[in-house]
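Colleague: First the structure, then my questions, so here it is.
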Amino acid sequence: MEWNTNLGLSIINILMLSICVMLFKKRTVLGEYFYYMMAAMGLTYVIDLVTFIIRCSSINNIYILYIYIYGGLGLFFLIIFLMYQNLIKDRLLKKISTFITVLFLILYFYKIFTIKISNGFPDIILFINVFLLIFGISLFLLDTFKTDLILEISHYYPFWFSLGLIIIYLGVVPSIFISKIVSSKNSLNLWSFIVFLVNLAGYGTLLIGLFKAKKLDK
């Protein structure tokens, strides 16, 4: 049975839109961090929707690369890094988080001015971003586990948000390696389905967390 890639993309887009709606409904619970999360998810939804439209049209797919590189690998990650920088309270961990944000900007702009988009998707940028993201999330979790928030972690939405990002981006890296070595139609079909499942699990986690989120005293 052949997996319908467009169907998978449509399901993920609907899921992301649902997350955006729930984020807005829970804005008083999320507090100041609502703006970071809403900006990140709203940007992701717009990027995926635009690229989906491009895939279904006769527009040159090179524009998808531009959108992902400048939007997905640039603005999205910057918003996330800034969010974690503000979430972290420990002074030392906050300084390390600030360093990660600055390092991300330096490496990102360096790669932007040196890569050739015509050569295809710049995997190295994604790998570096994911590594820095996981490092940043680790700092946030370490900071959180040092506070009383650990006692009500299941109601603390930044924890769920972080868990969802880990699932999505740790799943993306191996999928890229797989896409480089598969060649048959059946293998590509399987790879596409695996990517869909990874995104479904990640965004599903983001949505589930919103239903469990409560306003906590920090």
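Yes or no, residue by residue, for (1) in contact with a Gly (Cβ under 6 Å, 6 or more places away or on another chain); (2) modelled with pLDDT under 85; (3) assigned to a helix (DSSP H, G or I):
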site	(1), (2), (3)
LYS180	no, yes, yes
ASN186	no, yes, yes
ASN189	no, yes, yes
ALA201	no, no, yes
ILE208	no, no, yes
PHE211	no, no, yes
LYS214	no, no, no
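Colleague: Restricting attention to the stretch 33-44, and to residues there that are under 12 Å from the mean Cα position of the chain (by Cα) and crowded, with 19+ Cβ neighbours inside 10 Å, which single residue is nearest to PHE159 (Cα to Cα)?
Modeller: Ranking the candidates gives MET37 first.
Colleague: All but one of (1) exposed (fewer than 15 other Cβ atoms within 10 Å of the Cβ); (2) modelled with pLDDT of 95 or more hold for ILE62; state the number of the condition that does not hold.
Modeller: The single condition ILE62 does not satisfy is (2).
Colleague: From the list PHE109, PHE127, PHE121, which residue is modelled with pLDDT under 90, closer than 23 Å to MET41 by Cα, of a type in the set (A, V, I, L, M, F, W, C) and in a loop (DSSP other than H, G, I, E, B)?
Modeller: PHE121
Colleague: Among SER10, SER18, which is of a type in the set (Gly, Ala, Ser) and at pLDDT below 90?
Modeller: From the options SER10, SER18, the qualifying one is SER10.
Colleague: Right, another one. Tally the residues that are more than 30 Å from HIS155 (Cα to Cα) and surrounded by 12 or more Cβ atoms within 10 Å (Cβ to Cβ), restricting the search to the stretch 1-32.
Modeller: Residues meeting the conditions: 3.
Colleague: So, of the residues in the stretch 130-164 that are within 19 Å of GLY31 (Cβ to Cβ), among the polar types (S, T, N, Q) and surrounded by fewer than 17 Cβ atoms within 10 Å (Cβ to Cβ), which turns out to be modelled with the highest pLDDT?
Modeller: Applying the filter and picking the extreme gives SER154.
Colleague: Return the only residue of LEU133, LEU165, LEU141 being free of Cβ contacts under 8 Å to residues at least 24 places away in the same chain and in a helix (DSSP H, G or I).
Modeller: Checking each option against the conditions leaves just LEU141.
Colleague: Within the stretch 159-173, track down each residue that is over 10 Å from the mean Cα position of the chain (by Cα) and among the aromatic types (Phe, Trp, Tyr).
Modeller: PHE159, TRP160
The values are calculated or read from the model by the stated rules, or taken from the named source; none is laboratory data. The structure presented is a predicted model; accordingly, all values stated were derived computationally and were not measured. When we count neighbours, we look across all protein chains shown, and the Cβ atoms used for this are built from the backbone with ideal geometry, even at glycine.
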